[in-house]
Amino acid sequence: MSAPATAPAQDAPDERLVHRSYLRKLMGRPELGAVVGAAAVFVFFSMVADSFLQASSLSTVLYASSTIGIMAVPVALLMIGGEFDLSTGVMVTTSALVSSMFSYQMTANVWAGVGVSLLVTLAIGFFNGFMLTRTKLPSFIITLGTFLMLTGLNLGFTKLISGTVSTKTIGDMEGFESARALFASHLTIGGVDLQVTILWWFGLVALATWILLRTRAGNWIFAVGGGADAARAVGVPVTKTKIGLYMAVAFCAWISGQHLLMSYDVVQSGEGVGNEFLYIIAAVIGGCLMTGGYGSAIGSAVGAFIFGMTSKGIVYAQWNPDWFKFFLGAMLLLATLLNAWVRKRAEAAK
């Protein structure tokens, strides 16, 4: 007697064709945890600080957010690509120092110094990426070495050329006003005074989001962060992608450096140390994983906004600013735990 025939196995449907509810799509977004955290921080400071909701206060919060957010965007892309950069804080200062000292010493138009600074800063980014891909050393070691070298060069060259730890003023030099208009001007929109860095920040977030979600380069970034060997096996240009990410970080460091210089027309050589952690924190709060392959540019912007709200909200609430680092550390831990929980729920719902 023959065994009863079994029904033919049905192939599992392609997950790309499976309809997913809006809630499931939302749960899968890396910035969801940051958005929830930002809403909580906003409501909290709205309740404890009466002046927090004033237009002028929100403008100040956005400005503080933009100074971190401009750098958090490329740092987030770099982390999605599976790497770190510990030299970002001092690289911003290096960019400003090169512009200032070249313009002053050469008695050149300020724009000449700005152009030379761009070339030097991009070269630093290329150096980081090239050393990483050639030596195969961890990015932590490579960029820590760059951080130490730039810290010494910033101080050594400034004292050698200027005789002090700060640069000479370039506020009266030709081209300074036009450069300030691009990097450090104010705009009045709806009666609210806004710094131009806010526009730079929004523009970079939009550009980075488009690259990640709509271009082949964005696919390469996610693939490299998910696994460099597997990405290389399917034809992804891993070396070019990583070098490009480090040069993108350098480009944004140049923007931030020019803002620093044009805002005050002098630069202290010791500035920027420690800011690299703020950029990484903003990216992590925004949903980027430390292991790479996951995150978003929008998330980094939300993380930077949380930073801005916290740093200024403490002031508006008239609290001791010494508590700021505590709140920043607590937010980092809570955001990381929330992001991990959201990601697990999203994966379980697939």
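The values are calculated or read from the model by the stated rules, or taken from the named source; none is laboratory data. Every value quoted in this text rests on a predicted model; they were computed, and no experiment measured them. Every residue, glycine among them, receives a Cβ derived from its backbone with ideal geometry; neighbour counts consider all protein chains shown. In case anyone asks, the SASA skips ligands and DNA or RNA and just uses the protein heavy atoms, side chains included. Shrake-Rupley method; radii C 1.70, N 1.55, O 1.52, S 1.80 Å.
Cut-off 10 angstrom, C-alpha nodes, Gaussian network model of the chain. Which of 74, 321, 30 fluctuates the most? Looking only at 74, 321, 30, the biggest GNM fluctuation is shown by 321.
Dipole size of the range 216-350 about its Cα centre, with +1 on Lys/Arg Cβ and -1 on Asp/Glu Cβ: approximately 620 debye, rounded to the nearest 20. Residues with beta-carbon under 11 Å from that of residue 89, excluding residue 89: net charge, scoring Lys, Arg +1 and Asp, Glu -1? In short, -3. For the range 256-303, the relative contact order is 28 percent, taking Cα pairs closer than 8 Å that sit 6 or more residues apart in sequence and dividing their mean separation by the residue count. Solvent-accessible area assigned to carbon and sulfur over the range 123-188 amounts to 71 percent, based on a 1.4 Å probe.
Which helices, counted as full DSSP H runs in the chain, have an axial Cα extent of no less than 18 Å and a Kyte-Doolittle average of 1.6 or above?
Membrane-span-like by this criterion, though nothing is claimed about a membrane: 32-48, 55-80, 196-214.
Amide H to amide H distances under 5 Å link residue 195 with 187, where only residues 5 or more positions off or on other chains count and H is placed in the peptide plane. Averaged over residues, the count of other Cβ atoms within 10 Å places the peptides 41-53, 200-212 in the sequence 200-212, 41-53, highest first.
Sort 330-338, 220-228 by the packing proxy (mean of other Cβ within 10 Å over each peptide's residues), most packed first. Don't skip to the answer; put the middle values down first.
Working: 330-338: 16.1, 220-228: 21.6.
Final packing ranking: 220-228, 330-338.
The residues of the range 59-183 have, on average, 40 Å² of accessible surface per residue, using a 1.4 Å probe with all protein chains present.
Mind running the shape call on the range 176-281? Use the C-alpha gyration tensor, a ≥ b ≥ c as the square roots of the eigenvalues: rounded below 1.5 for a/c, prolate if a/b tops b/c, oblate otherwise. Here the range 176-281 falls in the prolate category. Taking the range 65-111 on its own, what percent of its Cα-Cα pair distances exceed 12 Å? For the range 65-111, the share of Cα pairs beyond 12 Å comes to 69 percent.
Estimated from helices alone, the mean residue ellipticity of the chain at 222 nm is -23500 deg cm²/dmol (sum of -39500 (n - 2.57) over DSSP H runs with n ≥ 4, per residue). Centre-to-centre separation between the Cα atoms of the range 121-175 and those of the range 182-221: 25 Å.
As a rough guide to protection, the peptides 114-126, 174-186 ranked by mean Cβ packing within 10 Å, highest first, stand as 114-126, 174-186.
Charge dipole (Cα centre; +1 on Lys/Arg Cβ, -1 on Asp/Glu Cβ; no other charges) of the chain amounts to roughly 960 debye. Only the Cβ atoms of Lys and Arg (+1) and of Asp and Glu (-1) were treated as charged; on that basis the dipole of the range 186-291 about its Cα centre amounts to roughly 600 debye.
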